[in-house]
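Written out below as structure tokens is the structure these notes cover.
Only the coordinates and a few stated rules stand behind these numbers; no lab work does. Source: prediction; values computed, not measured. Cβ placement follows ideal geometry from the backbone for every residue including glycine, while neighbour counts extend to all protein chains displayed.
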Amino acid sequence: MPTKKQKGLLIIVFGIMVLSGCHMPSKGIQEPPSFQELYSQIQSTLSPLDEIENILTTNTPQQSTEPSASEVPEDRLLRVYIQDGLPEKLLDSLDENQITRTDDRTDADIRILAGPVDKAENTSNSSEWIYVLAAPFYTITDNISFENLQALWQGEHNSLNGFSKILVTESTKSIMSTFLGAADQNNVVVVMPKDINTIALSDDPTLFILPFDDLNKYMKVIRIDGQAPINSDFDPQAYPLLLAIWIDSSLTDYEFVLPISNYDPNLQTVLIMTGVTALTRATAHRMEINGNQFPGKDIRDWLISADLTHISNEVPFASNCPSPDPNQVDLIFCSSPERIELLEYVGADIIELTGNHLLDYGLTSINLTLEMYEERNWHFYAGGWDLADAQSPALITHNNNPLAFIGCNPVGPPNVWATNTKQGAAPCGDFLWMVEEIGRLKEEGYLPIVTMQYAEDYTDYPSGQMVSDFEMLADAGAIVVNGSQAHTPKMMDFKGESFLHYGLGNLFFDQMEVYYNDVYLPGTREEFIDRLFFYDGELISIELLTAILEDYARPRPMTEAERASFLSRIFSTAIDFRK
């Protein structure tokens, strides 16, 4: 029986039909339906009010009746088989709303497979994923052969260059087995990603294998047979840890594309940072005899292979500069204008002007110096035409890496400092302007690189005040803080996201043998050249190149034994400092 609500609705509808029938044109005489037939027809159209509302909503003309991606029926999703061990970031890129995973390789519509590159030669939809061999930052070893790495992985050797463990995630262990063979359970240890980052700043003799996109600045990249993704001339096809990932499918009409790679050379920037350059005294004398390019001939390849090369030139060019005297007693320095050929030869791009000899030959010489830099379109910072210019950062964006160079001189002498009306170096003052400027640059998306002409000494370690000042600038947002004053190289450290190198030592300066009150000061021949690798807006790797000064002018790369001894001393100082 109809409810009272249905009866009422029936009477209304029936009444409307009867009344409206008075105005309809006649089509001939027909017997009207019986009341029972009419009631049955009307009742069949009745639905509860909530169902009616739902029907009206879902059939609104402006809305598509096609199901959304999240509502695609299960039987219409692509069945995808994914090989074990594929990198997490590649898996994260897959649209889970369009696929359903299956463990049945034969039943899958699409199979995502991985292995050495030669296995993917005949596939059109493929990706290349770079993996990296790395170690804790304070590691001396630079290179390992693929053959020895494979032997350690498989347990044929118990140790390699002091390394007895290779740390990997579960997925990396699985995929590396396609390159290196079955992993030895004692030598290959599965850890969580956060554990690798914790160990990276220790002196634990361990190796890591990880995807390139998981690399960070606290790790040292180890080359394999001389190859690494941080090489300026890196060739992925010649690299043994290049993983091919490809799609195998009998389907021809699927829309499923893999990311191209986790490595893009168009997102990388290599920056070289150097220590003291002073083309004067014995260094200039050797240039006079052997040619202006002489000091750079053994390390030029390091400097010109970078995208950007920084030089901290402390001495002005002066047209009235006298002939160089290797035995000069006073400390009033200048360089003849032709000496700039050396800076051109080594590919200088960025000139730091924090040096305390900048006004040794007066305003005329600094005017000439600044004009020479501008003529060559070199960026210069931390010194300039006046105080505002000296405090302005040098801004360089290269391959999506926005870098900002800023610096100051806290030690003077006061006459070298720029003023509102005089050229010179930027004074540090209380560092407040530096802190504010670093914060502003960071907010604008730049990576601030800060350098200072700090107080000079001849030790491996920094003073307490130096540590305090460097860490303050790190806390302000500097990604790198370097000491440009050091005539002997100093230790390095990390503060949060910042890399602090308290002194790189000389680059081009004549300090072969230095005495103070008849006491020999060692270390002035040793040099750091920091090679910073930026990728897609981040500093992800730091390589410490090492050189030793010859002939009062010419640095050369250290021998393997010299480098091991030097790094061992500096790293021991740094590790003890961290404790």
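What GluC sites (Glu not before Pro) does region 78-122 have in DSSP loop regions with at most 14 other beta carbons within 10 Å?
Numbers: sites: Glu88, Glu96, Glu121; in loops: Glu96, Glu121.
In loop regions of region 78-122 (DSSP not H, G, I, E or B), the sparsely surrounded GluC sites (Glu not before Pro) are Glu96, Glu121.
With everything on Cα atoms, drop me the angle between helix 464-476 and the longest principal axis of the chain, reported from 0 to 90° to the nearest 10.
30
Calculate the FRET efficiency for Glu288 and Glu374 from the Cβ-Cβ distance with a Förster distance of 25 Å, rounded to the nearest 0.05.
Approximately 0.40, to the nearest 0.05.
Using only the alpha-carbon atoms, how far is helix 4-20 inclined from the longest principal axis of the chain? Give it as 0 to 90 degrees, nearest 10.
Once rounded, one gets 80 degrees.
What is the distance in Å between the Cα centres of region 192-257 and region 345-388?
41
Any idea what angle helix 281-290 forms with the longest principal axis of the chain, computed on alpha-carbon atoms, 0 to 90 degrees, nearest 10?
The answer is roughly 90 degrees.
What number in nm² do you get for region 396-454 if you take the convex hull of its Cα atoms and divide its surface by four?
That works out to 4.6 nm².
Working out 0.36 nm times the residue gap between Asn97 and Thr364, then minus their Cα-Cα distance, what length gain in nm do you get to one decimal?
Computed gain between Asn97 and Thr364 is 89.1 nm.
How long, wide and thick is region 266-552, going by the Cα atoms along their three principal axes, in whole angstroms, largest first?
The Cα atoms of region 266-552 stretch 48, 41, 40 Å along the principal axes, largest first.
For region 261-415, count the residues as N, evaluate 2.2 N^0.38 Å, and divide the Cα radius of gyration by that value, please.
Dividing the Cα radius of gyration by 2.2 N^0.38 Å gives 1.09.
If r is the Cβ-Cβ distance from Leu331 to Ile304 and R0 is 45 Å, what FRET efficiency results, to the nearest 0.05? Walk me through the numbers before you get to the answer.
On the way: r = 31 Å, r/R0 = 0.70.
My answer for the efficiency is 0.90.
DSSP beta bridges in the chain, what fraction antiparallel, as a percent rounded to 5? Mind showing how you got there, number by number?
On the way: 54 of 97 bridges.
Counting only bridges with both partners in the chain, antiparallel ones make up about 55 percent.
Determine which residues of region 306-345 fall in the zone a paramagnetic label at Tyr515 would reach in this model, i.e. backbone nitrogen under 18 Å from the point 7 Å along Cα→Cβ.
326-330
Please compute, over every Cα-Cα pair in region 284-324, the percentage with a separation greater than 13 angstrom.
Cα-Cα pairs in region 284-324 separated by more than 13 Å: 68 percent.
Rounded to whole Å and ordered largest first, report the semi-axes of the equivalent ellipsoid of region 422-579 derived from its Cα gyration tensor (root of 5λ).
28, 19, 15
At a 10 angstrom cut-off on C-beta neighbours, averaged per residue, how do the peptides 221-229, 539-547 rank from highest to lowest?
Result, highest mean first: 539-547, 221-229.
What does the net charge come to around Asp264 if you take all other residues with beta carbon closer than 13 Å to its beta carbon, with K and R at +1 and D and E at -1?
Values: positive: none; negative: Glu128, Asp213, Asp536.
With Lys, Arg at +1 and Asp, Glu at -1, the neighbours total -3.
Give the label of the value calculated from the structure for Rg/Rh (Cα atoms, Kirkwood Rh), choosing from (1) 1.24; (2) 1.12; (3) 1.07.
(1)
Return Asp233, Asp95 ranked ascending by Cβ neighbour count within 10 Å, so the fewest neighbours appear first. Don't jump to the answer; show the numbers that get you there.
Details: Asp233 7, Asp95 10.
The most exposed by this proxy come first: Asp233, Asp95.
In nm², what is the average projected area of the convex hull enclosing the Cα atoms of region 349-394?
In nm², the orientation-averaged hull projection of region 349-394 is 3.0.
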